[in-house]
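Here the structure comes first, spelled out in structure tokens, and everything after it is commentary.
Bear in mind these aren't lab numbers, they're just calculated from the coordinates by the rules spelled out. These figures come from a predicted structure and were not determined experimentally. Don't worry about glycine lacking a Cβ; one is built from the backbone with ideal geometry, like all the others, and counts go over all protein chains shown.
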Amino acid sequence: MARNGTPHPQPLQIHRLPQSKYIDALRWLPPISPFDRHVVLAAFNSDSDASAVEIHSINSKNPSETLTHHFSWTSPHRISSLKVSQTPQKPVIAASSFSGSLHVLFADSLDAMIDSEVSLPENALHAGPISGIDLNENGSECVTVGMDGRVNVVNVGGSGVSYRKVFDSNGLASYTATKWASPAEFATGGPGFGVQWWDQRKCGGPAAQFKGNWAQKTSGIVHSIDIHPSRKHTCLAGGSSGSVFAWDLRWQQQPIILSGVGMGETPAQSLSESEVWEVQYDTFTRAANLASISSARVLPAMICSEDGILAVVEQGEEAIELLAEPCAINSFDIDKQNPSDVICCLEWESIAVLSRA
Amino acid sequence: MPALTSNAGDTSLVLLPPEAPDSPAVIPFLHGIKPPISPRLSISWSRGNSLRVSVFKQSPQSDAVTSTGSNETDGGRVVELKLGSAGDGGGGEIDDAAQWRRIAYGSVAPFALLQSRKNSMSALSRMSSSSSYDAEWWAYVLEYSKEINSLLGYRRSPPSLAIEDPRTLLKKVEEPTCLKAAWELMEVFYADKQSQAWLPERLVDWLADFDSLFSGTQPTIHSKLLDFQEELVTLQAVEDDPRYWEAISLALAVGWLDIAVKLLRLHGSYQLNQLGNRETENGLVEAVAVLISKMPRMRSKSAAGNLGECFKSKPDFIKALEKWRAQITKLDCSAFWLQCGHHQTMEGLKSILQIMLGNASTLSASTCHWLELYIAHFIYIRPFTAGLESMYTLAQKCLQVKPVSRPHKLMKLLTGILGENTEVVLAECSKSFGPWMIAHAVELLTAGSTHADIVLHEERDNLGGISIEELHRLVYAQFLSSHALTWQIAPIYLTSCIKQGMGLLEILLYKQPVHHNQVLLKNLEICRLYELDRVSSNIMKMAGVHHWKHGTKGSGVFWLQQARDEFRLNRIAQHLFGFQWEGLIELLGSDSRTAGGLEFLHKYRDFKRSLQQVHDGTVTDAAQRAAEALISLMKNPSTPHRFWLPLLYDSLKLFNWQECPLLNVPQTNLLLNKLQELSMAMLRPDFIEADLPPQALSSVRLALATNLGRAILDH
């Protein structure tokens, strides 16, 4: 499969690491040194019903790449969403729970241990589970969304923790995913392939919104959103029926469909027909190529899906499948500092580490 | 049957198992409800082995019908009790639940692949029957068996190149499991058709891998060698110790040639300072060691690092064996023995030669249990044993020589296999190794023999018309369904069950919780894969109602629309009318045609908008549009009766429009008819009075009448 004109298939190293617990989500921790890398796991032990945020160090030099348990913070509830700020000096880990609590953990960059922790209990932010969270760049603000239709911005900078309710639809709208675009703006997604754009300077509702058609049989839910720092006007969204689309604020009426059958029209390709659980812009594109991609084109994106696909999709190109597993891939993360490395968690209690060359 | 005992604050659940009602299991649990506790409590099965117990507080007036809804948090509590360990697969030795799940996950792909191959091959074989079919099928079964086998742990470690300690006899390898041993045994007999010619040698290898498993209940060669290995370090002149010679005989008897040779080379005569005066003795030891390492074996290839010379064809092997035996006899009768000064060495070596010559009583003395004797017979006395019948006879003979009071489960399995008794094999698999083993081993059994194939596929009335194969798959699927992390693989097994599978799959899917979005979506994904559109639609309805009830109205409407549930959407539309509806309609998008039961709300929204414009100014165009919207609303059968009067009352300004009558004669008549219908309905006792001024009806009637008059004049 061609990739930006290069005819060679990518050399790919895959290591599968069985775990004895279910991994709900995982993230890379910003590296302390090139040889000392850590991953954060949201683990759920079904035998003891215990949940934890675990930090593991990963040995990428060793071919039989293994995870070494490094630190563990016991979570009172099962974790629904996990995000890590990209601040190498003081990484912030935010975890929301299915019970509605939010936990913000401050890691020490030297030893990758958790120094301190602040929490907001159940029912403080949302009635019911928190379905999506996102930390801003410096880890000082966290936006939380839920099925209850509330949108909150939690301030975790400084000494304490405080929050502000941005919107409450009283259950009329539900939100399942969120992503910061700028210090004042963020996007949310929800049922009916809806994507909303929020500007904290404008109150009383979303600043702009894209309504997919709810009533179609093939409608679905947005599960994940990503916004590229260089293209703040475009929301990349992934959801049901293998749908991956980009919604450009400058052309709000017509989204650009990268994959999927869910949007009604005949798409260029369909990678997967089931839920796309996570989308992220694939930063593993060389800088030269990035510049050559016109601003109207959507940047390459990586997706993972319920039917076990981990792939890179690009507008107008054939998708590159990195993994095709017999079970679901629930979450993945691209290492921001070293984007050739990808880590993903599989439904059958295991983790896969991929390095692209 | 569960019963409950309770004293203040502490409650226990007593379980009376039907098979042993005298030994009840008592499970204490905490519920945090302060006494008095209501004697009534509700017990139901939750997922898997969990019981859901609802404990209620005793209300002050226990007879009162009204329950106290004000203080719900203290009114009762639902407690989930886990009974037993969820991961107990029945194998007994793999008690780590995560390990069991790993095996379960790993076996999905090979099982599914084999089923799909079976289906496509049976479709092919209907068209043409050929012998190539069988060969191909066996290759598939063997591939399946090897993949499953690889999940159960690794085979012996690869030969290490490091310099080994000469005094280490048994390499430390991963502890083998009975499960793997049982699987390999079935693979040897049922799946691996190519090894049928050297079946005895396969059993030799099998025992070499798994002899340690028998150590738990009785002494084995493995355990004796292990004991001797520990003492070896402390021994100075090994050849003086009778246990040294015993160890060599033991290892040799079951064909562990490399251990025997290694031990022989520890003989004191090899030491440089003694080589001079023990030359003949050393020559004899070395001659025996060489003979052992040159032993002819009939097998395709030697296991890595093992000694012995392999022969694939029977004539070559016979020739080599004759020659080898002649060499042993020659050595046995040689004059060198007389020059051997060390008595123990001479005795020991002579006894070793007897083993190699196949002396039955020496073999019996050099083995611990009947299985080892059985293997020794294969190696030294009857290397040409073929056919299960003669193998079975030999096993019986060995059992008579070395009887066991309580046979090991692997021995029972082996006797079942040798006796060609499918029922016994099934019973042993099920009893000793649990539902996973039997569901997967059935594939090997059916491939192995036509008789087993018939027994397992025959539909039985006592099983409700299903076959034994299906029964065991269903049992395994139940086992998988009982765990939150494995229920998703149960459909693979259920869909391979022709009779009951789909029914149970529906039940499984309906039982999954709908409040957890991810589980719900995974559930719907399974429906999509197996084309269970009806189930999928029902689950969406359940999710819709759940969300609606719990206040997440938007999600509720979303799921009901996905389920095309017009009925409930209509009800919701009526409920939403009057409050909150505008925000929701905004979210629904603009296309009213596809909005299902919410069509009424869409029309009402349009009507309200144009009416608003009318109130803001006096534009006739806007008024005309509002009037059209009103007619469209009133014509629509989905508009509920009770909203007719408020709609008409809102439209009074339209009826009294100054410039021209906005409604023509038939339109006004339609509205008058509706008004008449409404007046009749008002007489019925179940009519819900709208919150309007009392003169509303008459003023609407008057306005309509005026409009009618003007319309007629206009016309």
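Take peptide A:165-173, look around each residue's Cβ out to 10 angstrom, count Cβ atoms belonging to other protein chains, and average those counts. Display every interim value, and only then the final one.
Values: counts 0, 0, 0, 0, 7, 7, 11, 17, 9.
Across A:165-173, the average partner-chain Cβ count within 10 Å equals 6.
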Please give, to one decimal in nm, the separation of the simple spin-label points placed at residue B:712 and residue B:450, each 7 Å out from Cα toward the Cβ.
-> 9.6
Magnitude of the charge dipole, the range B:244-304, Cβ model with Lys/Arg +1 and Asp/Glu -1, debye to 20 = 380
Under-5 Å amide H pairs with residue A:80, H placed in peptide plane, nonlocal only | A:96, A:97, A:98
Putting +1 on Lys and Arg Cβ atoms and -1 on Asp and Glu Cβ atoms, find which of B:669, B:266, B:419 reaches farthest to the positive end of the dipole of the protein assembly as shown.
-> B:669
Quick calc: nm separation of the 7 Å Cα→Cβ label points for residue B:42 and residue B:275 -> 8.9
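Rounded to a whole number of µm²/s, how large is the Stokes-Einstein D of the protein assembly as shown at 37 °C and 0.692 mPa s, given Rh as the Kirkwood radius over C-alpha pairs?
Using the Kirkwood radius from Cα pairs, D works out to 93 µm²/s.
Kindly provide the Kirkwood hydrodynamic radius of the range B:306-387 in Å, to one decimal, from all pairs of distinct alpha carbon atoms.
14.4
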In whole percent, what relative contact order does the range A:6-356 give with Cα contacts below 8 Å and a gap of six or more residues?
-> 12
What are the principal axis extents of the Cα atoms in the range B:415-561, in Å, biggest first?
-> 66, 25, 24
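If r is the Cβ-Cβ distance from residue B:122 to residue B:194 and R0 is 22 Å, what FRET efficiency results, to the nearest 0.05? Can you show the working numbers first?
On the way: r = 23 Å, r/R0 = 1.06.
Efficiency for this residue pair is about 0.40.
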Hey, what D do you get for the range B:254-401 in µm²/s if you plug the Kirkwood alpha-carbon radius into Stokes-Einstein at 10 °C and 1.306 mPa s?
-> 96
Quote the FRET efficiency, to the nearest 0.05, computed for residue B:463 versus residue B:653 with a Förster distance R0 of 56 Å and r equal to the Cβ-Cβ distance.
-> 0.15
Suppose R0 equals 22 Å; then what is the FRET efficiency for residue B:498 and residue B:133 from their Cβ-Cβ distance, rounded to the nearest 0.05?
-> 0.50
Order of B:249-262, B:405-418, A:159-172 by packing, highest average Cβ count within 10 Å first?
-> B:249-262, B:405-418, A:159-172
Would you mind listing how long the range A:6-356 runs along its three principal axes, going by Cα atoms, in whole Å with the largest first?
-> 51, 48, 39
If exposed means GluC sites (Glu not before Pro) lying in a DSSP loop and surrounded by at most 15 other beta carbons within 10 Å, then the longest stretch of chain A lacking such sites spans residues A:1-136
Lys/Arg Cβ at +1, Asp/Glu Cβ at -1, dipole of the protein assembly as shown taken about the Cα centre: which of B:282, B:344, B:217 is farthest positive-ward?
-> B:217
Under the 7 Å Cα-to-Cβ spin-label approximation, residue A:49 and residue B:478 lie apart by a distance in nanometres of 2.5
Hey, can you grab everything whose amide H is under 5 Å from the amide H of residue A:166? Only 5+ residues off in sequence or another chain; H modelled, so Pro and N-termini drop out.
-> A:151, A:152, A:153
